[in-house]
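Single-structure report; data block below.
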Ligand SMILES: [Zn+2]
Ligand SMILES: [Zn+2]
């Protein structure tokens, strides 16, 4: 069975892959092979080569084709609304502390929420957000959330969801961003974590940060009155 995409009109086969199946398709694309990606999809959907190739082509040109796109946008809208009023601080780190703190401050000061690059966020061993004040993290949070929901496609960097979850799990209920957030911001962060667990739970296991994800969820759970 085929149907037109309600957004762009492209007609593709109707088949919603499971999280694990979709991850296999994305992994093939991340490795640079549309042919392998179509091969994976053909196997899962039990369709023809032409149908699989068309499905992959649509995935690559239509942002709405990604299975989680609608739910992703809803949680990102909640995050953006909650953090919209946070101004960019003059400084992000204690830049007089050491060379690393100064470099991280320079990196973050040079960017805005809209111009922040994946490469600015480094990796677990060199991560400017680790050294940022809570209001600095709050300022960038909508961009961090958006990067966390993108798939693991960075040739020079890890999947960003790992890094963000580690920041949110750090120090448990004494987390410095948690202490800084107002209730609307806390609930937006919790919604993002719950969305990650619901839609990328298997990927979190695969990337070995499912325990941190559960710890972050527990820390950000709103206290029940
Ligand atoms: Zn489309
Ligand atoms: Zn330092």
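Answer yes if at least one residue in the range 158-167 is more than 19 Å from residue 195 (Cβ to Cβ) and assigned by TED's automatic domain parsing to the domain that holds residue 133, and no otherwise.
Yes; the residues of the range 158-167 include at least one that is more than 19 Å from residue 195 (Cβ to Cβ) and assigned by TED's automatic domain parsing to the domain that holds residue 133.
On the basis of being surrounded by 15 or more Cβ atoms within 10 Å (Cβ to Cβ) and either outside any helix (DSSP H, G or I) or assigned by TED's automatic domain parsing to the domain that holds residue 138 (or both), does residue 22 make the cut?
No: the conditions fail for residue 22.
When you go through (1) within 24 Å of residue 149 (Cα to Cα); (2) surrounded by 14 or more Cβ atoms within 10 Å (Cβ to Cβ) one by one for residue 14, which number turns out not to apply?
Every listed condition holds for residue 14 apart from (2).
Out of everything in the range 168-187 that is in contact with a helix residue (DSSP H, G or I) (Cβ under 9 Å, 6 or more places away or on another chain), assigned to a helix (DSSP H, G or I) and free of Cβ contacts under 8 Å to residues at least 40 places away in the same chain, what residue ends up being surrounded by the fewest Cβ atoms within 10 Å (Cβ to Cβ)?
174
Can you tell me which residue within the range 29-65, out of those that are in a loop (DSSP other than H, G, I, E, B) and surrounded by 15 or more Cβ atoms within 10 Å (Cβ to Cβ), is farthest from ligand 1 (Cβ to nearest atom)?
Within the range 29-65, the match that is farthest from ligand 1 (Cβ to nearest atom) is 47.
Away from ligand 2 (no atom under 16 Å from the Cβ) and either touching a helix residue (DSSP H, G or I) at 6+ places or on another chain (Cβ under 7 Å) or assigned to a helix (DSSP H, G or I) (or both): does that describe residue 12?
Yes, satisfied.
Look through the range 81-102, keep the residues that are outside any loop (DSSP other than H, G, I, E, B), touching a helix residue (DSSP H, G or I) at 6+ places or on another chain (Cβ under 8 Å) and surrounded by fewer than 17 Cβ atoms within 10 Å (Cβ to Cβ), and return whichever of them is modelled with the lowest pLDDT.
Looking at the filtered set, the residue picked out is 100.
The values are calculated or read from the model by the stated rules, or taken from the named source; none is laboratory data. Computed from a prediction, not measured in an experiment: that's the story for all the values here. For neighbour counting, all protein chains shown are included, and Cβ atoms are generated from backbone atoms with ideal geometry for every residue, glycine included.
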